[in-house]
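A short worksheet on the structure shown next.
The values are calculated or read from the model by the stated rules, or taken from the named source; none is laboratory data. These figures come from a predicted structure and were not determined experimentally. All Cβ positions, even for glycine, are placed from backbone atoms using ideal geometry, and neighbour counts span all protein chains on display. With ligands, DNA and RNA removed, areas are computed over all heavy atoms of the protein, side chains included. Shrake-Rupley method; radii C 1.70, N 1.55, O 1.52, S 1.80 Å.
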Amino acid sequence: MIPVVQSAPILFNKQSSLDKIVRMTKEAAGKGANLVVFPEVFLPGYPRGLYFGTRVGSRNTAGRSDWERYWENSIDVPGVETELLGELARETGVYLAIGVVERDREFSRGTLYNSIVYIGPDGNVLGKHRKLVPTGSERLLWGQGDGSTLTVIDTPFGRIGGLICWENYMPLARTAMYAQGIDIFITPTADARDTWQATIQHIACEGRCFVISCNQFVTKDTYPTDLACYDDIRQDPDILCRGGSAIVGPLGEYIVEPLYNQEGILIANLDLSLVTQSRYDFDVVGHYSRPDVFQLIVNRQKQDIVRVSKMDE
């Protein structure tokens, strides 16, 4: 059973995010969940509508102040927060896939990443994925991931992994995931447009896999009014993101149709035999591929800006 959480925390409030994750995971576990999926950067929230004081050629002090606040409420992976989430997973016996804002903990600590973190029922961090290309103005907030986090994880109920939001429009990135035998494709997103539904249905048909799309339902009252740049959204409507989370089967049909304009948990029992059946007539990286014509090279090497070598003693 796969529950998909459509909700939003208080923006820039790490504790609010953690509290919601705990409450909703326990609720889902009580219904027999195996894997609980949370939206893109649920911890500590997606700052839709904020400019962070940026114009072409300049940034202002107010925007830098809000970005620092965002950084303070982001997390290390692994770190204190993933240990807490690990305890939650162990207590409830579920796998967790959670969108987080991850701090660089290896070099300057000054870069943030839009990531998915995967936690197993044993409490361990099983892997993560960093968004390869933040979309549009997101590039002011988050750095670029690399091929080392194109993560797919074996579970007792199938191979799970995912790409974040508009990464799913990158056909080569999708192919890299399909080639790892993915059965359950997670697509946390901030895109609530009708066209996103066409995207997730296409991915399901193309990859012959289940697609778990997870978005936030966001209202203006989840934004702290003391943000330095709060005026950016002051005139916006009360509903800032209508959601649209959905679950799609491996032939492109809805298992659970999109949920709009409300918070909720979508739940579905997935029959993995349907993945096998669906690949009978189309396997995009198998019998329907043409490696004599097309080949994809994926660099899975971690890209370090600084490499320290030890001199021979």
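Is it true that some residue in region 8-15 is open to solvent by less than 30 Å² (accessible area, probe 1.4 Å), of a type in the set (S, T, N, Q) and modelled with pLDDT of 95 or more? Checked against the condition, which is being open to solvent by less than 30 Å² (accessible area, probe 1.4 Å), of a type in the set (S, T, N, Q) and modelled with pLDDT of 95 or more, region 8-15 yields no hits at all.
Annotation: of all residues in region 220-235 being within 14 Å of Y46 (Cβ to Cβ) and of a type in the set (V, I, T), the one that is least open to solvent (accessible area, probe 1.4 Å) is I233.
Across region 289-303, the qualifying residues are those that are free of Cβ contacts under 8 Å to residues at least 60 places away in the same chain and loosely packed, with under 12 Cβ neighbours inside 10 Å, and the one among them that is nearest to S7 (Cα to Cα) is I297.
Note on region 172-215: among residues that are more than 17 Å from the chain's Cα centre (by Cα) and acidic (D, E), the one that is farthest from I2 (Cα to Cα) is D194. Scanning region 236-259 for residues that are crowded, with 17+ Cβ neighbours inside 10 Å and either modelled with pLDDT under 95 or in contact with a Gly (Cβ under 7 Å, 6 or more places away or on another chain) (or both) turns up L240, I255, P258, L259. Counted as qualifying within region 231-284 are the strands (runs of 3 or more DSSP E) with 3 or more residues that are more than 21 Å from A28 (Cβ to Cβ), namely 239-248.
Residues are listed down the side, and each one gets a yes or a no for (1) in contact with a Leu (Cβ under 9 Å, 6 or more places away or on another chain); (2) among the polar types (S, T, N, Q); (3) over 15 Å from V211 (Cα atoms):
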residue: D238; (1), (2), (3): no, no, yes
residue: A246; (1), (2), (3): yes, no, no
residue: L251; (1), (2), (3): yes, no, no
residue: Q262; (1), (2), (3): no, yes, yes
residue: L266; (1), (2), (3): yes, no, no
residue: Y280; (1), (2), (3): no, no, yes
residue: D292; (1), (2), (3): no, no, yes
residue: V308; (1), (2), (3): no, no, yes
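Each residue in region 80-119 was checked for being at pLDDT 95 or above and out of contact with any Asp or Glu (no Cβ under 9 Å at 6 or more places or on another chain), and 18 pass.
Within region 78-97, residues that are touching a residue at least 40 places away in the same chain (Cβ under 8 Å) and open to solvent by 30 Å² or more (accessible area, probe 1.4 Å) sit with their Cβ atoms under 6 Å from residues that are among the small types (G, A, S) and not in a helix (DSSP H, G or I), at 6+ positions apart or across chains, in these pairs: Y95/G120.
Figure legend. Inter-residue proximity from region 188-203: first residues more than 25 Å from V275 (Cβ to Cβ), second residues of a type in the set (S, T, Y) and in a loop (DSSP other than H, G, I, E, B), beta-carbon distance below 6 Å, spacing 6+ or different chains. Indicated pairs: A190/Y46.
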